[in-house]
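What follows is a set of notes on a single structure, which appears directly below.
Just so it is clear, none of the values below were taken in a lab; they were calculated from the coordinates. What you are looking at is a predicted structure, and each value in this text was computed from that prediction instead of being measured. Here Cβ is always computed from backbone atoms with ideal geometry, including for glycine, and neighbour counts include all displayed protein chains.
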Amino acid sequence: MSALISIPILGGSGAALIASPSSAFRQQVLHRLNGRCRPVQQALGGADALAKLERGQWQVLFLDRHLPDLDAEELLAVIRRRFPGIQVVLLDSDSAHTDVDTMSDSSESQSDIPQRRLYQATTSTADEAMVSPLPGMIGTSEAMQRVYRMVRLVAPRPTTVLIAGPTGTGKELVARALHCLSPRSAKPFVVVNCAAIPEALLESELFGFTRGAFTGAVQSQIGRIPAANGGTLFLDEVSELPLGMQAKLLRFLELKEVQRLGSCEVTRVDVRVVAASNVDLARRAHSGEFRQDLFYRLSAFPIELPPLAERRGDIVPLAEHFLVCMAEGLRMACPRLDEEARRKLDTHVWNGNVRELQHVMERASILAGDSDTIGAEHLYFSETRHVVVHESESFA
């Protein structure tokens, strides 16, 4: 029988988070806490725990060593840097017992607790250092720092990633960065825009077909999934997949096998899947518009991108970056932004996010002509009618 693990709490009651893929284990810990922590929330894995830690004020985290997406020790190191003051208690869901009865409302000294596998987060100058932007990305705002940390955590692993966020926030850039930072970087990065391919052609595009499989199939063709073998498959706008195609994609994700149209031969492939959506897939899965089992497969590690409105400090650096890129492409001197133009960019409501900003800067560079300065008069914001979007479908 495994040794008894005690999980004390220091400093009295407070908000607690229980992170474990095992529902039975989470319930066991919750039961044995017996109301000594309030409120208590549960997380299904490391990514879920990180997301909840970002959104709340917590005193203690009960962390299962057996996580489906992240290494517990690596996650602990991140928590120590990001969330000073949170007490992290490492538990083992394989242990026979979890003893919460040793918890005390009185404070204990740090020297009393090492044998109980409790870790107190601390800060240092090195811990607070900024995370470098991802390859091909610009911005140092706190909102993007969270994205950079999540991407660098999951990039070395084969875990399926779901990138969520409003249109124009750079979901494909994040997917490419994931691939670039992974051990698969030398292998193909294959993009599939699920909204751009007609439903009748989706299966043949994804899985391939043999000669004569259907009218017009004059020669065999490899599908995009086999083409990504050893690398990364990026499913953009995955919410647009028809339900019938969702079932076939789910089978591929479970078995890592593909079968071309017109062939009985089954081929195994090694492909890491990264999906992106600008709508709330969880809501769609709940309403039956998207398969729940496929949603859970795709969202093993979710990353949510912030709208440009939440990263104000990045607006001017992004604008200057676009000007530099355009100037280099045209082999001309790069104009600078004057102070009034900077203020106008900072105060604009960017409904189109980074993509809108890029187009605004392209127009401004054209309107400025040969001038070495871009002023507020060169910044033209298109008049748009904003369609009312149901709250459940929007990340903005």
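Quick notes
- For segment 179-327, the fraction of C-alpha pairs more than 25 angstrom apart is 40%.
- At an R0 of 56 angstrom, the distance between the Cβ atoms of residue 259 and residue 41 translates into a FRET efficiency of 0.85.
- Cβ-derived FRET efficiency at R0 41 Å, residue 219 paired with residue 24, nearest 0.05: 0.15
- Once the chain from residue 349 to residue 196 is taken as fully extended at 0.36 nm per residue, the excess over their C-alpha distance is 52.2 nm.
- Computed extension gain for residue 34 through residue 266, at 0.36 nm per residue and net of the alpha carbon distance, reaches 78.3 nm.
- About the centre of its Cα atoms, segment 142-304 shows a dipole size close to 560 debye [charges on the beta carbon of Lys, Arg (+1) and Asp, Glu (-1) only; nearest 20 debye].
- Relative packing of peptides 353-366, 295-308, 185-198 - highest average C-beta neighbours within 10 Å first: 295-308, 353-366, 185-198
- When you filter the chymotrypsin sites (Phe, Trp or Tyr not before Pro) in segment 316-381 for DSSP loop state and at most 16 other Cβ atoms inside 10 Å of their Cβ, you are left with 380, 381.
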